[in-house]
1. Among the residues in segment 221-231, are any surrounded by fewer than 18 Cβ atoms within 10 Å (Cβ to Cβ) and either among the acidic types (Asp, Glu) or over 14 Å from Ala145 (Cα atoms) (or both)?
2. Are there any strands (runs of 3 or more DSSP E) wholly within segment 141-226 with 2 or more residues that are touching a residue at least 40 places away in the same chain (Cβ under 8 Å) and under 30 Å from Gly101 (Cβ atoms), and if so which?
3. All but one of (1) under 19 Å from the mean Cα position of the chain (by Cα); (2) acidic (Asp, Glu); (3) surrounded by fewer than 18 Cβ atoms within 10 Å (Cβ to Cβ) hold for Asp249; state the number of the condition that does not hold.
4. Quick test for you: out of Ala42, Ala25, Ala46, Ala93, pick the one residue that is surrounded by fewer than 15 Cβ atoms within 10 Å (Cβ to Cβ) and either in a loop (DSSP other than H, G, I, E, B) or without any contact (Cβ under 8 Å) to a residue 40 or more places away in the chain (or both).
5. Given Gly279, Gly297, which one is on the phi > 0 side of the Ramachandran plot and either touching a residue at least 40 places away in the same chain (Cβ under 8 Å) or touching a Cys at 6+ places or on another chain (Cβ under 7 Å) (or both)?
6. Going by the structure shown, is Pro84 surrounded by 18 or more Cβ atoms within 10 Å (Cβ to Cβ), modelled with pLDDT under 95 and in contact with a Leu (Cβ under 9 Å, 6 or more places away or on another chain)?
7. Restricting to segment 229-241, name every residue that is in contact (Cβ under 8 Å) with a residue 40 or more places away in the chain and either in a loop (DSSP other than H, G, I, E, B) or of a type in the set (A, V, I, L, M, F, W, C) (or both).
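The values are calculated or read from the model by the stated rules, or taken from the named source; none is laboratory data. The structure presented is a predicted model; accordingly, all values stated were derived computationally and were not measured. Positions of Cβ are generated from backbone atoms using ideal geometry, with glycine treated the same way; all protein chains shown enter the neighbour counts.
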Amino acid sequence: MPDRIAIIRNPSAGRRTGPFIDKVARRLRAAGYPVTVLDTEAPGHATDIARKLVEDGTADLIVAAGGDGTIREVATGVNGSDLPVGLIPAGTANVLARELGYLPRGRRSSRHVAHALMSKNTLALHPFEVGFEGSARLGFCWLGAGFDAEVLTRVSPKLKAVTGRLAFVPATFGALLRRGPDVDWQAPDGTKGQCGWLIASNIRRYAGPFILTRQTRVGDRGLACLMLKGRGGLSRMGDQMGLAMGRLDRRADVLALADGSLTVGGDAVPLELDGDFLGYGQATVRPCERAVRFRTGHMPDY
């Protein structure tokens, strides 16, 4: 029997990529797969939908159609079950979709995505738990403290809806002009420090096609925590150049976090999770033991 496929769609992302999502669904139906498309209505709704599908046992594959935020919500709802999660890349950066092989050469292909969803290829991805403002949530890509979160506060939603990733250009320049606060951190062994920008990641990619770090890879449990040196716009500009050249590791002190919690942030420090702004303050991050299974396309060649 073919898998019963439930596609959870973010209609906000769908304003740009709705036809692509529909094309993937048509390919799946043409191949004989029962497909149900469910739209989210508010932030967090994708988690509730996915959790209900797991409880009811009405799907064999739950697909997140949207960006990295939608994927995080769907995977959070599936977490703790044995159901696999599939992806339809319909966001701005689609970092995890790139990491899992859904965007060969960075291009969307409805045929490639449909084949990946119909395949039995899976990868166990270990999320990480972020504690912030008294609540815990899962992350699947990275936690950023400092510069990248500041950029997110400056992105115009209207411009992003029209131009996509180009909306980050003026936001990035605006953040470069501001000297952000120092980012405090404390390792599980009690070691403390400060840096200009901190990124804790369990995958290699970042902000789309860029390679953030080679200290970890998708499927490995644990986080590579990059403490980027220097303060101010010139240092952050150098970081952007290092990121573009795939050499950001060389500009950072790197802590491998396999167990325990890293504490990061401070009163005025902006935080972001998987490309979504969290707020200002202090957070804890720790790797999770239980993995979530994802359907994959071909695995990327680094």
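1. Yes, that holds for at least one residue.
2. Details: elements: 142-145, 183-186, 192-195, 197-201.
The strands (runs of 3 or more DSSP E) meeting that bar are 142-145, 197-201.
3. So the condition that Asp249 fails would be (1).
4. Numbers: Ala25 fails: surrounded by fewer than 15 Cβ atoms within 10 Å (Cβ to Cβ); Ala46 fails: surrounded by fewer than 15 Cβ atoms within 10 Å (Cβ to Cβ); Ala93 fails: surrounded by fewer than 15 Cβ atoms within 10 Å (Cβ to Cβ).
It is Ala42.
5. Working: Gly297 fails: on the phi > 0 side of the Ramachandran plot.
Exactly one of Gly279, Gly297 is on the phi > 0 side of the Ramachandran plot and either touching a residue at least 40 places away in the same chain (Cβ under 8 Å) or touching a Cys at 6+ places or on another chain (Cβ under 7 Å) (or both), namely Gly279.
6. Numbers: surrounded by 18 or more Cβ atoms within 10 Å (Cβ to Cβ): yes; modelled with pLDDT under 95: no; in contact with a Leu (Cβ under 9 Å, 6 or more places away or on another chain): yes.
For Pro84, the condition - surrounded by 18 or more Cβ atoms within 10 Å (Cβ to Cβ), modelled with pLDDT under 95 and in contact with a Leu (Cβ under 9 Å, 6 or more places away or on another chain) - is not met.
7. Let us first name the residues in segment 229-241 that are in contact (Cβ under 8 Å) with a residue 40 or more places away in the chain, namely 231-233, 236-237, 239-240.
Correct list: Arg231, Met237.
Yes/no matrix, rows are residues, columns are (1) over 21 Å from Ala161 (Cα atoms); (2) over 15 Å from the mean Cα position of the chain (by Cα):
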| residue | (1), (2) |
| --- | --- |
| Phe20 | no, yes |
| Glu55 | yes, yes |
| Asp60 | yes, yes |
| Gly69 | no, no |
